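**Student:** Would you mind keeping the following structure in view while I ask a few things?
The values are calculated or read from the model by the stated rules, or taken from the named source; none is laboratory data. Note that this is a predicted model, so its numbers are computed, not measured. Counting neighbours? That spans all protein chains shown, and the Cβs are built from the backbone with ideal geometry, glycine included. We work out accessible area using only protein heavy atoms, side chains counted, and drop any ligands, DNA or RNA first. Shrake-Rupley method; radii C 1.70, N 1.55, O 1.52, S 1.80 Å.
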Amino acid sequence: MKPIRNVVMVLLDSLNRHMLGCYGGGEFKTPNIDRLAARSTRFTRHYVGSLPCMPARHDILCGALDFLWRPWGSVEIWEDAITARLSRAGVVSQLITDHPHLFETGGENYHVDFTAWDYQRGHEGDPWKTRPDPSWAGAPMFGRGHMPYDDSRGHFRGEADFPGPRTLATGARWLEGNAGAHDRFFLMIDEFDPHEPFDTPEPYASLYDPEWEGPHLIWPPYVVGAQEKGVLSERQARQVRASYGGKLTMIDAWLGRILDTLDAKGLWDDTLVILCTDHGHYLGEKDTWGKPGAPLYEPIAHIPLLMAVPGAAPGTCEALTTSVDLFATLEAIFGLEPARQRTHGASLLPLLSGEASEVRDHVLAGVWGREVHLIEKDRKYVRAPAGANAPLAMYSNRWSTMPTHVIPRYQALPLPDDRAALDRMPGSGVPVLRQIWEAGDAVPFWAASRFRGNHLYDLAEDPSEETNLAGGGDETAAAGRLTAALKAVEAPAAQFERLGL
């Protein structure tokens, strides 16, 4: 392992580990991800922490688990993103992204501490255009209604005009023009693909479903039991899944430009290259689609992580890891002073150098207001509310929850009420607003779906999570370990109360 001067992090949103060739997937073609894997340490037990999009980015950029304290939000006034500290250390940082949530309410301040940032417009909910190109007829929406993408889509005239290709091409150009010009740099390419809409030009649109006739189904429903309930027919389900595959293969092709530039500039000798994601995406596993209110089964929770390390031979790492560990790894690489906020990660450098075989024995994961998951080396315990999903507590000084295009603003972004009080976050002396939701209150988006009880799975013997072992002595022991893990991070008292711990 050679000294690391620079880091290139490519985050592909909603990237399904089990569909990548380097992780044994054969359904879709991912030659460039596999090409990167061939020179990388491939992590086999890497898991999500906080979900969905913005909470996951908070884990990575701020190093602190988000989901136990708030649903969705920006960098708080009392914490530093990794980029703020890189700037103080004289490290140049660049963000290149087409991720619309970074520029919406609740996503503020993640980009501002980069030395520079570049936003490629037009993806999903990005309000880029005020009128559609009338030549674009649209595609079935599965109840979403009008989306900003409907106005943007017709302005993409060819493959290179789509936001994903533009983002990765811009990343390659940045490396061409800046590698060697800075003493040290951190380049983060936050690419929203293969997130929906699963919209691609030909040949990708028909690549995995050439017999399909009519508009391609680019918007997956967010439903548990979609085929059972008649939301999708079996034929439509195959088309949605194939459309995801087409986008995955398209974005893989453009990732190749990044790898080509790393080759041409000779950057592998001193640059750590990371490929990661925020979470997976259900595409029919257990007849579940999108990211609905459901336990975090393996397809969405067990995520890929590749690290191409200068001077290190490729291989696999079977240690348990999670998203906050990426923050801790960047801290170690760039020699940064401790963060202001309480963080929860462990550096992965000892794993990469061979000095350690593990850095943690469990992962906490979840969506605010949903089940809390304790993931261990061969076990996953899913704890649902013991009764009503209450009380729920949100802690934040930059007040928001998740903005959406499908529910009213007053529910998506509810204001604090007279139950709000000042509290403290673990590790912070700064007063923080604490809002309580009680039984009967309208809750933010993700917490509104029904629950299906507790779950306990033996991942070694039952990787498909078919046999729920909850209800016996093993669950009692798992509940005790979950309680200890929550106490270790000083989780809010409301979490213990609603979970019955």
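**Student:** Take the stretch 170-229 and flag every residue that is touching a strand residue (DSSP E or B) at 6+ places or on another chain (Cβ under 8 Å), assigned to a loop (DSSP other than H, G, I, E, B) and either free of Cβ contacts under 8 Å to residues at least 12 places away in the same chain or of a type outside the set (Asp, Glu) (or both).
**Tutor:** Ala179, His182, Arg184, Phe192, Pro194, Pro220, Pro221, Tyr222, Gly225, Ala226, Lys229
**Student:** Cβ-Cβ distance below 8 Å, separation of 6 or more or different chains: which pairs start in the stretch 107-123 with a residue that is closer than 26 Å to Ser396 by Cα and in contact (Cβ under 8 Å) with a residue 60 or more places away in the chain and end on one that is hydrophobic (A, V, I, L, M, F, W, C) and not in a strand (DSSP E or B)?
**Tutor:** Close Cβ pairs (under 8 Å, with a partner that is hydrophobic (A, V, I, L, M, F, W, C) and not in a strand (DSSP E or B)) amount to Glu108/Val75; Asn109/Val75; Asn109/Ala81.
**Student:** Check Gly63, Gly49 and return the single one that is on the phi > 0 side of the Ramachandran plot and in contact (Cβ under 8 Å) with a residue 12 or more places away in the chain.
**Tutor:** Checking each option against the conditions leaves just Gly63.
The rows are residues; the columns are (1) out of contact with any helix residue (DSSP H, G or I) (no Cβ under 6 Å at 6 or more places or on another chain); (2) in a loop (DSSP other than H, G, I, E, B).
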site: Arg235; (1), (2): yes, no
site: Tyr244; (1), (2): yes, no
site: Gly280; (1), (2): no, yes
site: Ala313; (1), (2): yes, yes
site: Leu320; (1), (2): yes, no
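**Student:** When you scan the stretch 336-350, do you find a residue that is in contact with a helix residue (DSSP H, G or I) (Cβ under 6 Å, 6 or more places away or on another chain), more than 26 Å from Leu482 (Cα to Cα), not basic (Lys, Arg) and not in a strand (DSSP E or B), even just one?
**Tutor:** Yes; the residues of the stretch 336-350 include at least one that is in contact with a helix residue (DSSP H, G or I) (Cβ under 6 Å, 6 or more places away or on another chain), more than 26 Å from Leu482 (Cα to Cα), not basic (Lys, Arg) and not in a strand (DSSP E or B).
**Student:** Sticking with this structure for a sec: Whether any residue in the stretch 262-273 is at pLDDT below 95, open to solvent by 10 Å² or more (accessible area, probe 1.4 Å) and either β-branched (Val, Ile, Thr) or over 21 Å from the mean Cα position of the chain (by Cα) (or both) is what I want to check.
**Tutor:** Looking for residues that are at pLDDT below 95, open to solvent by 10 Å² or more (accessible area, probe 1.4 Å) and either β-branched (Val, Ile, Thr) or over 21 Å from the mean Cα position of the chain (by Cα) (or both), one finds none in the stretch 262-273, hence no.
**Student:** Given the criterion farther than 20 Å from Glu490 by Cβ, crowded, with 18+ Cβ neighbours inside 10 Å and aliphatic (A, V, I, L, M), identify the matching residue among Ala390, Ala439.
**Tutor:** Ala390
**Student:** Taking the criterion of being within 14 Å of the chain's Cα centre (by Cα), under 21 Å from Ser14 (Cα atoms) and aromatic (Phe, Trp, Tyr), would at least one residue in the stretch 67-78 satisfy it?
**Tutor:** Within the stretch 67-78, one or more residues are within 14 Å of the chain's Cα centre (by Cα), under 21 Å from Ser14 (Cα atoms) and aromatic (Phe, Trp, Tyr).
**Student:** Give Val224, Val240, Val231 a once-over and let me know the one that is open to solvent by 10 Å² or more (accessible area, probe 1.4 Å), among the aliphatic types (A, V, I, L, M) and within 24 Å of the chain's Cα centre (by Cα).
**Tutor:** Within the list Val224, Val240, Val231, the selection yields Val224.
**Student:** Only one of these is open to solvent by less than 50 Å² (accessible area, probe 1.4 Å) and over 21 Å from Val372 (Cβ atoms): Leu413, Leu456. Name it.
**Tutor:** Every option except Leu413 fails the conditions.
**Student:** Working carefully through the options Arg370, Arg360, Arg379, find the one that is more than 21 Å from the chain's Cα centre (by Cα), charged (D, E, K, R) and at pLDDT 95 or above.
**Tutor:** When all the criteria are applied, what remains is Arg379.
**Student:** Which numbered condition in (1) in contact (Cβ under 8 Å) with a residue 24 or more places away in the chain; (2) open to solvent by less than 30 Å² (accessible area, probe 1.4 Å); (3) touching a strand residue (DSSP E or B) at 6+ places or on another chain (Cβ under 9 Å) is the only one that Thr329 fails?
**Tutor:** For Thr329, the exception is condition (1).
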